[in-house]
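Read the figures in this text as sums done on the coordinates, not as results from a lab. Everything numeric in this text was worked out from a predicted model, so none of it was measured. Neighbour counts run over all protein chains shown; Cβ positions are idealised from the backbone, glycine included.
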Ligand code: YOG
């Protein structure tokens, strides 16, 4: 039985997000604005099917996938790269691998108590967010 992470999660902590954006080549001005955002993560989980929407005042980013099925992801409005992405449960962690131009790119979500965490990895760099948190560790 896998964990259910559906819900609406408000960011409360954000660490090293700037370094994550640098690793994806986001320009200075965009990073300064994006770094101030308090984003919200809206997750719909229906069995093996997920839709995740990252909502912010600047823009939104939506992705839909099925566990274990590779899909083409274009990070539209973010760094606009094309990836072959796949998401799997590894224990209680939801792990996404984003194969593409950047090495070791992906993200991991998990629950700790009533908080949702997210680690973002890009180009050998790493980031982490949490539910009401956004933590980034590079
Ligand atoms: O989420 O992969 O939850 O899809 C990371 C932003 C800022 C735009 C978003 C908009 C990467 C300018 C995480 C921020 C920085 C900066 C809100 C998306 C790139 C550009 C959209 C993500 C996964 C896991 C699900």
TODO: Just grab the label-to-label distance for residue 89 and residue 64, each label 7 Å out from Cα along the Cβ direction, in nm (one decimal).
DONE: 2.2 nm
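So what is the 222 nm mean residue ellipticity for the chain from helices alone, if each DSSP H run of at least 4 adds -39500 (n - 2.57) and you divide by all residues, rounding to the nearest 500 deg cm²/dmol? Walk me through the numbers on the way to the answer.
On the way: 2 runs with 14 residues, N = 138.
Computed mean residue ellipticity for the chain: -2500 deg cm²/dmol.
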Task: Choice from 90, 67, 13 with maximal GNM fluctuation in the chain (Cα, 10 Å cutoff) - done: 90
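Quick check on packing: order 37-43, 23-29 by the mean number of other C-beta atoms within 10 Å, highest mean leading.
Most protected by this proxy first, the peptides run 37-43, 23-29.
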Open item on the list: Which of rounded, prolate or oblate describes the chain when judged by the alpha-carbon gyration tensor and an a/c cut-off of 1.5?
Closed with: oblate
Open item on the list: Run the simple label-point estimate for residue 78 and residue 104 please: 7 Å along Cα→C-beta, distance reported in nm.
Closed with: 1.8 nm
